[in-house]
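All remarks here apply to the structure that follows.
The values are calculated or read from the model by the stated rules, or taken from the named source; none is laboratory data. Not measured: the values here are computed from a predicted model. Note that we place each Cβ from the backbone using ideal geometry, even for glycine, and neighbour counts take in every protein chain shown.
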Amino acid sequence: LKRWVLRNRPAGEIKPGDLELVEEPIRDLADGEVLVRTLYLSLDPTNRIWMSDQDQYMPPVQIGETMRGGSLGVVERSRSDRFKQGDVVNTGLGGWSTHTIANGAFLMPAPQLPGVPLTAYMSVLGATGLTAWFGMCDIGKPQPGETVVVSAAAGAVGSVAGQIAKLKGARVIGIAGGKAKCDWLTGELGFDGAIDYKHEDVGAALDRLCPNGIDVNFENVGGDIMDAVVSRMNNFGRMPLCGMISTYNDDRRPAGPTDFVRVLMHRLTIRGFIVTDFLPRAGEAMAELIPWVTEGKLKWKVHVDQGLEGAMDSLQRLFTGNHDGKLLIQVSPE
Ligand code: NDP
């Protein structure tokens, strides 16, 4: 068994030595336990938050512990009546590890819809899709004809969130890094406009593309991009605050929107949310997401890197944008 262990809390960007790959024998199973071989590991921006000891929504990963991460795997050995060898299971936060030993009572079988690849349950039909759906439908609540802006729009959550707003009848503008990502948003996903923040002035582009102001800001980035959007929001605008990835490598708490008084003057609602809060209501989201996926109305991409050994380098892709879709590691063959 190989697993990545947190050795140091990173200062700024993650550096070699902050995590260490260790190898050890697999122990025997106790009654009720299951040995799961990891197939896919999800790499997420929040991994960087869990490595730090800043105030956060879950306890941070402790020094010496296996790095936390969402995973999906296949049962290799079982001493639980609930699972047999070959069953595909959702190991929850199984961690950055080739194998997980878990009590069968706490494992969930992975859903398997005909024609839907397993990686979909790690992306559009997994936490990514739920984040996009609850953020957009429960907090953003776009109405037909309203203008919605999504940042990190070509990323895993952003691309799904923007398409959901389109399906709800809104005009959607995405903000993403680079021409290729922007072309994908407008060409294939049906966004009404896209802003390449690496080469364009975001404020000027928003003025051009959102002549009637902005009703919903699905915020994934924070910093200057958030400022540019918030300062153009309409009366009673809603801002699902999903993430602030531009700030995760900073040591200091980032500032909020510069134009905070606008929240008062324009009666904006800003609501931070974490997808895990919504898990008891996952069925509501799945009732829309599954048909959208099976009917081809909702598109998604996954970027699969091979091998647990490269996980630390792969994680950096989230901060450079050098990936195309939900970032996963294939830890072992299906
Ligand atoms: P993505 O697939 O969107 O990858 C992250 C993207 O962020 C990169 O591809 C890059 O896109 C963009 N990015 C990175 N750094 C910057 C920067 N400094 N400025 C602008 N853009 C940047 O990851 P996810 O979809 O998994 O996550 C997106 C956001 O959603 C994150 O903030 C994450 O923390 C949040 N999230 C929140 C959840 C919740 O429960 N609240 C659950 C899951 C995710 P580009 O090439 O366009 O720059």
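Once region 246-278 is narrowed to residues that are among the aliphatic types (A, V, I, L, M) and in a loop (DSSP other than H, G, I, E, B), the residue that is farthest from ILE225 (Cα to Cα) is ILE274.
If you check MET233, MET226, which single one turns out to be surrounded by 14 or more Cβ atoms within 10 Å (Cβ to Cβ), within 12 Å of the ligand (Cβ to nearest atom) and on the phi < 0 side of the Ramachandran plot? Just a single option satisfies the conditions, and that option is MET226.
SER52: touching a residue at least 12 places away in the same chain (Cβ under 8 Å), among the hydroxyl-bearing types (Ser, Thr, Tyr) and within 24 Å of VAL88 (Cα to Cα), yes or no?
no
Annotation note: of PRO114, PRO142, the sole residue that is at pLDDT below 95, over 28 Å from ARG68 (Cβ atoms), of a type outside the set (A, V, I, L, M, F, W, C) and in contact with a helix residue (DSSP H, G or I) (Cβ under 9 Å, 6 or more places away or on another chain) is PRO114. One residue alone among GLY145, GLY169, GLY135 is of a type in the set (Gly, Ala, Ser), in contact (Cβ under 8 Å) with a residue 12 or more places away in the chain and either assigned to a helix (DSSP H, G or I) or closer than 20 Å to GLY321 by Cα (or both), and that residue is GLY135. The number of residues in region 133-170 being in contact with a Phe, Trp or Tyr (Cβ under 9 Å, 6 or more places away or on another chain) and surrounded by fewer than 22 Cβ atoms within 10 Å (Cβ to Cβ) comes to 4.
Can you name the residue in region 250-265 that is surrounded by 16 or more Cβ atoms within 10 Å (Cβ to Cβ) and at pLDDT 95 or above and is also farthest from the ligand (Cβ to nearest atom) among such residues? Top of the filtered list is ARG262. When VAL331 is tested against (1) over 16 Å from the mean Cα position of the chain (by Cα); (2) within 13 Å of the ligand (Cβ to nearest atom), only condition (2) is not met.
Scanning region 189-201 for residues that are closer than 17 Å to GLY169 by Cα and among the acidic types (Asp, Glu) returns a single hit, ASP192. Every condition in (1) in a helix (DSSP H, G or I); (2) among the aliphatic types (A, V, I, L, M); (3) within 30 Å of LEU93 (Cβ to Cβ) holds for VAL221 except the one numbered (1). Selection within region 275-319: residues that are over 24 Å from VAL88 (Cβ atoms) and under 15 Å from the mean Cα position of the chain (by Cα). The member of this set that is surrounded by the most Cβ atoms within 10 Å (Cβ to Cβ) is LEU315.
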